[in-house]
Amino acid sequence: MKNKRKKVFIIGLDCATPQLVFDDEWLKDLPNIKRLINNGVYGELESIIPPITVPAWMSMVTSKDPGELGCYGFRNRKDYSYNGLSFANSLAIKEATIWDILSKEGKKSILIGVPLTYPPKPVNGYLVSCFLTPSTKNQYTYPPELKDEIEKIADGYILDVANFRSEDKQKILDNIYTMTEKRFRVVNHLLKTKEWDFFMMVEMGVDRIQHGFWKYFDKSHMKYESNSHFKRTILDYYKYLDQEIGSVLSLLDENTTVLIVSDHGAKRMDGGICINEWLIKEGLLVLKKAPQNVTSITELEIDWERTKAWGEGGYYSRLFLNVKGREPQGIVEPEDYEKIRDMLKEKLEALGDGNGKPIGTKVYKPQELYRKCNSIPPDLIVIFGDLYWRSIGTVGHGKVHILENDIGIDYANHSQYGIFIMSSLNNDCGCGKKLSNLHLIDIAPTVLNLFNMEVPNEMHGKVIKAE
């Protein structure tokens with residue numbers, strides 16, 4: 001008798017990009033992904049704002065926005081001090097995930113590499129934590145005894161690629177392939193040896209390879225190298241991933257629905273906006289002493305009694321106001337708070353590239369963007385140049401516009417849309433239909449619906465159906 005137990009398997013590819021995956025010239029070389037598309041439904045998956053790994057994956061599995069999660073990026077304010085940023089981890093997430101809800105129904109989950117699962121929390125099943133784990137010397141599995149099994153199967157598990165923003169491209173490439181091969185080796189082992197209803201894995205290799213190698217294939221990139229032997233590197237890696245996905249699919253039974261998703265996409269990086277250099281130029285950030293070299297905002301000698309705002313770098317910028325009665329040496333009067341936010345929004349959205357050409361920057365007030373603003377949100381969220389530009393937080397460049405990333409070599413930035421593919425292995429799920437208006441927060445409700453479970457009212461996403 002065939003096993004009629006309903007299962008859902010999510011393959012998460014961090015940063016997988018619809019303009020690549022769904023392109024006919026690429027898709028013809030991805031037979032396993034193409035088969036899932038042809039037998040299912042697919043489309044571009046809109047990410048959250050900001051479209052970054054943390055908190056995007058947690059928004060996906062909780063169907064909550066970053067404000068509700070109280071997590072606005074990799075680093076978040078833990079208090080109103082001037083250097084009170086802390087790295088996000090699993091302990092900061094209080095909302096119920098897909099696997100939390102499934103556990104209450106007695107369903108077993110296996111989770112591998114899902115961002116913000118370190119430190120590991122108990123789960124009804126098995127968990128291998130994510131790239132944010134400091135080291136494999138740390139406890140990175142649940143149950144704890146699973147670690148020895150994983151280390152043995154992988155012959156030394158790899159959580160992430162070290163120094164993926166360096167010049168040593170061949171070493172980076174070799175390490176990406178090694179990491180990915182080990183991850184899928186563990187996936188296949190657990191598929192064969194453990195009981196599960198819901199399985200979710202996230203592979204970081206796509207993100208790492210696109211940041212490191214984007215300029216070698218994108219002719220629109222200002223640093224494009226037409227004759228580089230790395231020209232096919234990203235396509236070749238996608239082809240390798242497709243083979244690994246094929247090996248996974250061969251281990252799944254016909255009662256399994258497979259989803260391939262990404263948290264955001266990628267696009268070329270045109271440059272960086274030095275947000276704190278701009279604030280200094282505008283007289284909103286005042287230094288006691290100018291740095292001699294490029295210096296982190298946390299190491300600057302800032303005159304807080306004359307400073308109204310400061311910012312952080314990254315894929316997007318977080319701006320903080322120095323509010324009287326809130327920050328230790330605040331000078332912005334509470335009644336002037338909105339006026340200054342509006343002024344910053346107007347000026348930053350008008351800021352062009354190095355030649356003054358408009359780039360389409362968008363500035364958001366968190367309270368207008370999210371349903372709630374738990375923990376301590378930034379005062380403003382800035383998306384520079386439709387994500388072709390990133391935010392540079394360091395000072396000492398002597399200019400507002402630069403062409404490099406200040407934290408290492410980087411040829412790509414994130415884009416707002418990732419990928420979505422859903423296919424039932426018994427071939428009753430769609431017929432290669434492209435769907436529209438898909439959002440990252442739709443994934444959790446969709447998975448629960450696949451298990452014929454009621455979607456909690458507090459989830460905001462919709463159920464994606466193959467119709």
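Stretched out straight at 0.36 nm per residue, the stretch from residue 166 to residue 331 would grow longer than its current Cα-Cα span by 55.3 nm.
Tell me, in nm to one decimal, what length is gained between residue 369 and residue 296 on full extension, where the rule is 0.36 nm per residue of separation less the Cα-Cα distance? Write out the running numbers ahead of the final one.
Numbers: separation 73, 0.36 × 73 = 26.28 nm, distance 2.84 nm.
Stretched out fully, the residue 369 to residue 296 stretch lengthens by 23.4 nm.
A crude spin-label estimate for the pair residue 135 and residue 5, with each label 7 Å from Cα along the Cβ direction, gives 3.8 nm. The calculated 222 nm mean residue ellipticity attributable to helices in the chain amounts to -8000 deg cm²/dmol, summing -39500 (n - 2.57) over DSSP H runs of n ≥ 4 and dividing by all residues. Each Lys and Arg contributes +1 and each Asp and Glu -1, all at the Cβ; summed about the Cα centre of the chain, the dipole is approximately 500 debye. Evaluated with a Cβ-only charge set (Lys, Arg +1; Asp, Glu -1), the range 398-467 carries a dipole of roughly 260 debye about its Cα centre, given to the nearest 20.
Using the heavy atoms of the protein chains alone and a 1.4 angstrom probe, what is the accessible area of the range 1-105 per residue in square angstrom? Walk me through the numbers on the way to the answer.
Numbers: 4070 Å² over 105 residues.
Dividing the accessible area of the range 1-105 by its residue count gives 39 Å².
Fraction of C-alpha pairs exceeding 23 angstrom in the range 1-99: 46 percent, rounded to a whole number.
If you roll a 1.4 Å probe over the heavy atoms of the protein chains, what accessible area per residue do you get for the range 349-452, in Å²?
Working: 4290 Å² over 104 residues.
Per-residue value: 41 Å².
Distance check, please: which entries in 215/362; 267/399; 345/433; 78/281; 4/239 exceed 30 angstrom between their Cα atoms? Going by Cα-Cα distance, 345/433; 4/239 fall outside the 30 Å limit. Straightening the chain between residue 79 and residue 100 buys 4.7 nm, computed as 0.36 nm per residue apart minus the Cα-Cα spacing. Within the accessible area of the chain, the carbon and sulfur atoms contribute 46%, probe 1.4 Å, all protein chains present.
P(r) tail for the chain: Cα pairs beyond 39 Å make up 22% of the total. Legend: residues 137, 347, 288, sorted from most to least accessible area (1.4 Å probe; ligands, DNA and RNA excluded), read 137, 288, 347. Within the chain, DSSP assigns beta bridges of which about 55% are antiparallel (rounded to the nearest 5).
Hydropathy at least -1.0 by Kyte-Doolittle, axial extent at least 15 angstrom from the Cα trace: which helices of the chain, defined as entire DSSP H runs, fit? Mind dumping the intermediate values first?
Working: long enough: 169-193 (36 Å, -0.61); 233-249 (24 Å, 0.05); 337-350 (20 Å, -1.12).
Helices passing the filter in the chain: 169-193, 233-249.
Figure legend: label point modelled 7 angstrom from the Cα of residue 282 along Cα→Cβ; residues of the range 317-331 with amide N under 18 Å from it are 317-324, 331. Comparing 359, 380, 392 along the charge dipole axis of the range 343-413, the residue lying farthest to the positive side is 380, per the Cβ-charge model.
Looking at the range 234-298, the accessible area is 34 square angstrom per residue; that uses a 1.4 Å probe and ignores ligands, DNA and RNA.
What fraction of the Cα pairs in the range 358-467, stated in percent, has a spacing above 23 angstrom? Can you show the working numbers first?
Values: 3252 of 5995 pairs.
The proportion of pairs with Cα distances above 23 Å equals 54 percent.
DSSP bridge analysis restricted to the range 275-399 gives an antiparallel fraction near 95%, rounded to the nearest 5.
The values are calculated or read from the model by the stated rules, or taken from the named source; none is laboratory data. Everything numeric here is computed off the predicted structure, so don't read it as measured data. Note that each Cβ is placed from the backbone with ideal geometry, even for glycine, and that neighbours are counted across all protein chains shown. Ligands, DNA and RNA are excluded from the accessible area calculation, which covers all protein heavy atoms including side chains. Shrake-Rupley method; radii C 1.70, N 1.55, O 1.52, S 1.80 Å.
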